[in-house]
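Please read the structure below before turning to the comments.
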Amino acid sequence: MSNLTQKQQQMVMVGLVAAMLVVATYMLVISPQRAKMVENETIKTEYGDKKAQAETLIAKEDQFNADMDAVKARLTEIEDQMAEGDIFLWINLLLNKFKSEHKQFDVEIPSVGREQRVTIGAIPEFPYEAAKFRVAGTGHFHDLGSYIKTFENEHPYIRVQNVTLQPMGESESGEVSEKLSFSMELVALIKPVEEAEGE
C-alpha cells in the first residue's frame, strides 16, 4: 500500500513537473514567438500599404508626366504671346488687334503711355519682368466691363488695375454724353530672354 502511494506521489510529481515544463515552455518560447508573429504581421501590413501606395504613384507617373507636358506646352504658348522687343509698339499692336477682333465693344483707347518697368511681388526667382502702361479712352459703362473681362481672359499675362471712370460731360453741341472717360493701368509680363548655351 505504501508502494502504491509512493508511485502515486511520483506520478503526481511527474505530472506537476510536466505541467510546469508546459507553462515554462509557453511563457519562455511560445508567448514571445506569438508576440513576434503579431509584430511581424503588423509590419507586413504596413509595408503592404506602403507598397500599394508606391504602386499607385507609379501607375500615376504617366498621367503626371502628361499633365506636366501639357502645362509646359501651355506656358510656352503664353510666353510666345508675351511682350518682347519694342514693348511700346507691342502693346499698341496688341490693343489694335483686340479692337479689330472685338468690334462689339464701343471702347476707344486713343492714348497709351510709355511703359514703366515694374517688379512683380515677392516670389523668389520669378523669371519675368513686367511693364506698366497707363491707357486712357472712352466707352459705355457696360462695354468697359465686358472689354476688361474679355481682354484679361484672352491675355492671362496682362493684369488690368487702377481703373478710374468719369462722366464725359457735355459735348460742344451741349448734349450730355452717355459715355464715360476712363484710365487704367495694364501690367504686362515680359518674355524672359533665353540665354545662349555655354554662357
So which helices (runs of 4 or more DSSP H) are wholly in the range 1-106 and hold at least 2 residues that are at pLDDT below 85? 2-25, 31-79
Go through the range 98-128 and count every residue that is surrounded by fewer than 17 Cβ atoms within 10 Å (Cβ to Cβ) and under 31 Å from the mean Cα position of the chain (by Cα). 13
Since residue 72 meets every condition but one in (1) touching a Phe, Trp or Tyr at 6+ places or on another chain (Cβ under 8 Å); (2) closer than 30 Å to residue 192 by Cα, which condition does it not meet? (1)
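The values are calculated or read from the model by the stated rules, or taken from the named source; none is laboratory data. This is a predicted model, so every value here is computed, not measured. Positions of Cβ are backbone-derived with ideal geometry, glycine not excepted, and every protein chain shown enters the neighbour counts.
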